[in-house]
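Asker: The structure's right below; bear with me while I get my questions together.
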Amino acid sequence: MTALSRIAGPVALLALTLCACSSAGAGGTEPELGSVPTPGHLDPAQITTPLDAYLPTPEENYALKKARVLLVNACMRRLGYGQNPQPLGRFTGKAYLEHNEFLVVPLAQAEQYGYKQPPEPKSTGSATDSQYSKNTTETQASLLTGKVATFGGHKVPEGGCEGEALRTVTAGAETAQEVKLPDGSAAGARKGGFSEGYAEMVVSSARGKAMAKTRDDSRFAAAAERWSDCMKKQGYDYDSPSGAWNDKAWSDAARAGEKELAVAVADMGCKKKANYLGVGIAVETVYEKQVIEESAEVLKDAKDKTARWIENANKAIEAR
């Protein structure tokens, strides 16, 4: 079982609610920020913060995925079921956990797509994955998950071919079935524990805790207010960036219309003028450092386990 599905929802929610509210400044002393950067970009892919050190690289994540796919398909062939093998999309270089918390996109992207995500090339594998799921038969699903004990005279491994692949990749560094996360919540996995995406799940929880503090920091709130004032001068009345991003006028639309494009472009321009991203990075950085100290053990454990899994994955790839 991977942890990827546990990442997107909480991160997206925290990102979209990162607003101009503030209470920390009035209630206590806020930590010093040090130097505040002035990024020359609005690209989430170029943002780095301290918790990134606990994440595998895109290349390492691809190795984990490749090993899982190869192991599962080899197991299925051994059982005599070769139809509809799991696909492996091409390497995209994208991180599993991106910095979307500040709701920024490159200006050229805002001009063309507004707040919508650009379409992914079919070669990335997303369409192939969808077709794979659509073509998965009940028999195949049973072999993948181990719902049957035998097939065609062959013994099905415990947990199916997915369980066997998981055990191979995580050998020597298994996780518990339930893991306490840095934000105080707990995540549970099935019998085999977690694998691909585990570090991202742990870091996502830690980052969510830091982001909650960022949201309440008076310095970040002041940057949001400068952004709001800038938007009003251009005729757009929003209290926070999340208000513009989630405007009902376009949040449910499949494609960006003329108004959304105009607002998105103004939004990015005002974020540049207010140095919204620079302040946000500085504030989030200081709170991430606090969370790293508070959750050092669980973060190190996730990083160490993932490193062992990457070694196992590379060995599995080399053997095939």
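Asker: Please report, ordered by residue number, the helices (runs of 4 or more DSSP H) entirely within the range 236-320 with at least 3 residues that are under 26 Å from P37 (Cα atoms) and modelled with pLDDT of 95 or more.
Answerer: Numbers: elements: 241-245, 258-274, 276-294, 296-318.
Ranges flagged: 241-245, 258-274, 276-294.
Asker: What is the one condition in (1) farther than 30 Å from A110 by Cβ; (2) open to solvent by 60 Å² or more (accessible area, probe 1.4 Å); (3) among the aliphatic types (A, V, I, L, M) that A254 does not satisfy?
Answerer: (1)
Asker: Starting from the range 61-80, keep only residues that are within 15 Å of A319 (Cα to Cα) and at pLDDT 95 or above, then list their pairs with residues that are assigned to a loop (DSSP other than H, G, I, E, B) and of a type outside the set (S, T, N, Q) whose Cβ atoms are within a distance under 7 Å, requiring at least 6 positions of separation or different chains.
Answerer: L64/E196; K66/L88; R68/E196; V69/L88; L70/R320; N73/P85; A74/R320; C75/P157
Asker: Related question: Working carefully through the options S251, S218, S240, S228, find the one that is hydroxyl-bearing (S, T, Y), farther than 30 Å from E297 by Cβ and touching a Ser or Thr at 6+ places or on another chain (Cβ under 6 Å).
Answerer: Details: S251 fails: touching a Ser or Thr at 6+ places or on another chain (Cβ under 6 Å); S240 fails: touching a Ser or Thr at 6+ places or on another chain (Cβ under 6 Å); S228 fails: touching a Ser or Thr at 6+ places or on another chain (Cβ under 6 Å).
Of the residues listed, the single one that is hydroxyl-bearing (S, T, Y), farther than 30 Å from E297 by Cβ and touching a Ser or Thr at 6+ places or on another chain (Cβ under 6 Å) is S218.
Asker: I've got another one for you. Give the residue that is nearest to K213 (Cα to Cα), with candidates limited to residues of the range 158-184 that are touching a Gly at 6+ places or on another chain (Cβ under 6 Å) and open to solvent by less than 60 Å² (accessible area, probe 1.4 Å).
Answerer: Restricting to residues being touching a Gly at 6+ places or on another chain (Cβ under 6 Å) and open to solvent by less than 60 Å² (accessible area, probe 1.4 Å), the top hit is T175.
Asker: Out of all the residues in the range 177-227, which are outside any helix (DSSP H, G or I) and among the hydroxyl-bearing types (S, T, Y)?
Answerer: First pass over the range 177-227, keeping only residues outside any helix (DSSP H, G or I): 177-197, 216-217.
Residues satisfying the conditions are S185, S195.
Asker: Here is a follow-up. Give just the number: which of (1) open to solvent by 60 Å² or more (accessible area, probe 1.4 Å); (2) touching a helix residue (DSSP H, G or I) at 6+ places or on another chain (Cβ under 9 Å); (3) under 24 Å from L64 (Cβ atoms) does K147 not satisfy?
Answerer: Going through the list (1) open to solvent by 60 Å² or more (accessible area, probe 1.4 Å); (2) touching a helix residue (DSSP H, G or I) at 6+ places or on another chain (Cβ under 9 Å); (3) under 24 Å from L64 (Cβ atoms), K147 breaks only (3).
Here's the yes/no breakdown for (1) more than 22 Å from the chain's Cα centre (by Cα); (2) closer than 19 Å to K66 by Cα; (3) of a type in the set (K, R):
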| position | (1), (2), (3) |
| --- | --- |
| T139 | yes, no, no |
| L143 | yes, no, no |
| A199 | no, yes, no |
| V202 | no, no, no |
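Asker: Something else about it: Which pairs have Cβ atoms under 7 Å, sit 6 or more apart or on different chains, and link a residue in the range 31-47 that is among the β-branched types (V, I, T) to one that is surrounded by 15 or more Cβ atoms within 10 Å (Cβ to Cβ) and outside any helix (DSSP H, G or I)?
Answerer: T38/N275; I47/H99
The values are calculated or read from the model by the stated rules, or taken from the named source; none is laboratory data. Keep in mind it's a predicted model, so treat the numbers as computed, not measured. Note: ideal-geometry Cβ built from the backbone for every residue, glycine included; neighbour counts use all protein chains shown. For the accessible areas, the whole protein counts, side chains as well, though only heavy atoms, and no ligand, DNA or RNA atoms are used. Shrake-Rupley method; radii C 1.70, N 1.55, O 1.52, S 1.80 Å.
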